[in-house]
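Novice: Before I ask anything, here is the structure I am working with.
Every number in this text was worked out from the coordinates using simple rules, so none of it is lab data. All values reported here derive from a predicted model rather than from experimental measurement. Here the Cβ is made from the backbone with ideal geometry for all residues, glycine too, and neighbour counts use every protein chain on show.
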Amino acid sequence: MRILRLLFVPLCIANLAVAQEKFSLASAQDYALDHAYGVQIAKLEIDRAKQIYRQNLAYGLPQASASGQYIYNVELGALVTDFDGNGVLEELVFGT
C-alpha cells in the first residue's frame, strides 16, 4: 500500500504542474475571431470576390501581343517587269 502512495503522490503533483495556458479577455477574443469558421469563410469569400473583380477588370482592358519573324535570304530578290512600257523586260534587284 505504501508503494501505491509513493507512486500516486508524484503523479498528482505532476498533473497539477501542467496547467492550461491563461488568456486575457482581449487575447481570447482575438483567438476566437481568428479561429471562428464564419470569419474564415467570410475572409475566403472576400478573397474570391477580389479575384473575380480582377478577372473582370482584365477582360475589359485591351490585350497586347507581339510576335516577330526574321528571314535571311541568301539570294537577293528581283523583280522583272517592263518599267518603261517599251516592251523590254528589265530586272530590279532588291537589297545591296
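Novice: Quick check on region 33-82: of everything there that is of a type in the set (Phe, Trp, Tyr) and loosely packed, with under 10 Cβ neighbours inside 10 Å, which residue is farthest from the chain's Cα centre (by Cα)?
Specialist: Tyr72
Novice: Restricting to region 31-78, what's the tally of residues that are part of a loop (DSSP other than H, G, I, E, B) and closer than 28 Å to Glu21 by Cβ?
Specialist: Number of matching residues: 1.
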